[in-house]
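The values are calculated or read from the model by the stated rules, or taken from the named source; none is laboratory data. Just so you know, these numbers come straight off a predicted model, no measurement behind them. Glycine gets a Cβ as well: all are built from the backbone with ideal geometry, and neighbour counts include every protein chain shown.
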Amino acid sequence: MPQIPHFLPLPNLLRAFLSKRPLLISVALTLAFLGWLAHVGLLSQWQQQLGRVTPTWWAVMAAGMLLSYGLRAWRIRREFADVTGMRWPLALRIVLAHTAMVNVLPMRSGELGFPWLMRRALNVPWLDASASLFWLRLQDAMVLAQLAIWLWPGWAWNWRLAFSLMLLASAWWGMRRVRALGQGTIPTVASGLWTRITHALAQRGQNMLQGWAISISNWVLKLSLQAWLLAQLLQQDWSIAWAGALGAELSALSPIQGLAGLGSFEAGSAAALRWHGVAWADGLQAALTLHLVMLACSVTFGLLAWWLPSPLVTRHNQV
């Protein structure tokens with residue numbers, strides 16, 4: 001049986017992306033952010049704060065994040081239950097490798113790693129895997145937005161209810177529209193690639209109802225972990241730290257980011273914390289520490305996924 005190396009070349013699309021202007025923009029943003037931190041003296045203070053992260057805190061974060069990855073793998077397993085060979089351990093390896101790509105590569109370009117990994121591991125067509133990724137990310141965005149609406153401190157319940165219902169109605173209408181296009185029940189003059197894309201979107205995401213519970217559980221766990229660490233670092237109430245965790249995750253929606261999200265993650269968290277009375281400098285330092293812990297967990301688990309005894313291979317390579 002031919003062996004595929006653990007470290008495979010990036011797909012052409014991803015390589016092309018990283019060789020162009022977005023990479024230069026990400027590097028420039030990262031260097032500018034680090035330079036500003038050094039200029040205002042926050043970098044040295046942050047290093048002192050990082051030293052406060054005890055081995056127990058590292059262990060709690062690593063265990064909690066591994067459980068979060070396990071939930072995501074379960075969701076992938078449910079989404080691709082029709083694909084022969086998709087088992088939870090394989091889904092976990094794909095999730096770990098994909099998450100490391102997303103967290104490290106600039107401008108969310110690591111998202112392209114998911115269809116590539118699905119192709120390598122299970123010979124799933126690119127368009128099929130990309131359609132699933134679209135639905136999964138839409139589900140993530142909806143859950144994150146709902147959590148922000150209902151758990152953000154200081155909002156009146158009637159505004160929470162109104163925004164929540166509007167968001168749910170918009171998502172329901174959009175999903176039905178996309179599925180109708182893919183199933184041909186809505187007339188359209190489009191053809192070719194667009195038809196293939198809408199058809200793939202209509203075929204995938206069929207287990208969304210079951211995925212909602214898994215996605216909610218994952219996000220509650222992940223945000224709770226981040227809020228717990230922020231509360232420890234800032235000596236603040238847990239609800240305020242939860243707002244900082246939400247701000248950090250919502251910053252991922254920005255299309256312009258530095259390498260590994262450096263800068264946007266910290267700014268989103270610090271802005272949310274500032275809203276609730278935490279000094280900007282303190283919020284930035286705590287968010288930077290949290291970011292490093294999250295990146296360390298992601299990269300470590302991602303490397304372990306690559307270095308497991310059996311490499312990820314395509315199904316047609318298995319005899």
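Can you tell me which residue is modelled with the highest pLDDT among those in region 145-182 that are closer than 24 Å to residue 80 by Cα, surrounded by 13 or more Cβ atoms within 10 Å (Cβ to Cβ) and of a type outside the set (Val, Ile, Thr)? This residue is 171.
Looking at residue 97, is it at pLDDT 65 or above and either among the small types (Gly, Ala, Ser) or assigned to a loop (DSSP other than H, G, I, E, B) (or both)? Yes; evaluated as a whole, the condition is true for this residue.
Has region 239-260 got at least one residue that is out of contact with any Gly (no Cβ under 6 Å at 6 or more places or on another chain), in a helix (DSSP H, G or I), over 21 Å from residue 149 (Cβ atoms) and not aromatic (Phe, Trp, Tyr)? There is at least one residue in region 239-260 that is out of contact with any Gly (no Cβ under 6 Å at 6 or more places or on another chain), in a helix (DSSP H, G or I), over 21 Å from residue 149 (Cβ atoms) and not aromatic (Phe, Trp, Tyr).
Can we say residue 142 is more than 12 Å from the chain's Cα centre (by Cα), surrounded by fewer than 21 Cβ atoms within 10 Å (Cβ to Cβ) and assigned to a helix (DSSP H, G or I)?
yes
Beta carbons closer than 7 Å, at least 6 apart along the sequence or on distinct chains, pair a first residue in region 260-272 that is over 11 Å from residue 250 (Cα atoms) with a second that is at pLDDT 80 or above and of a type in the set (Phe, Trp, Tyr) for 270/280. Listed conditions (1) more than 18 Å from residue 154 (Cα to Cα); (2) touching a Ser or Thr at 6+ places or on another chain (Cβ under 6 Å) are all met by residue 280, apart from (2).
Only one entry in 132, 164, 109 is closer than 30 Å to residue 273 by Cα, touching a Pro at 6+ places or on another chain (Cβ under 9 Å) and part of a helix (DSSP H, G or I), namely 109.
Being surrounded by 20 or more Cβ atoms within 10 Å (Cβ to Cβ) and free of Cβ contacts under 8 Å to residues at least 24 places away in the same chain is the filter; apply it to region 77-101 and report the residue that is farthest from residue 211 (Cα to Cα). Residue satisfying both the conditions and the ranking: 98.
If the condition is being in contact with a Ser or Thr (Cβ under 8 Å, 6 or more places away or on another chain) and either surrounded by fewer than 20 Cβ atoms within 10 Å (Cβ to Cβ) or farther than 17 Å from residue 99 by Cα (or both), then region 121-135 contributes 122, 123.
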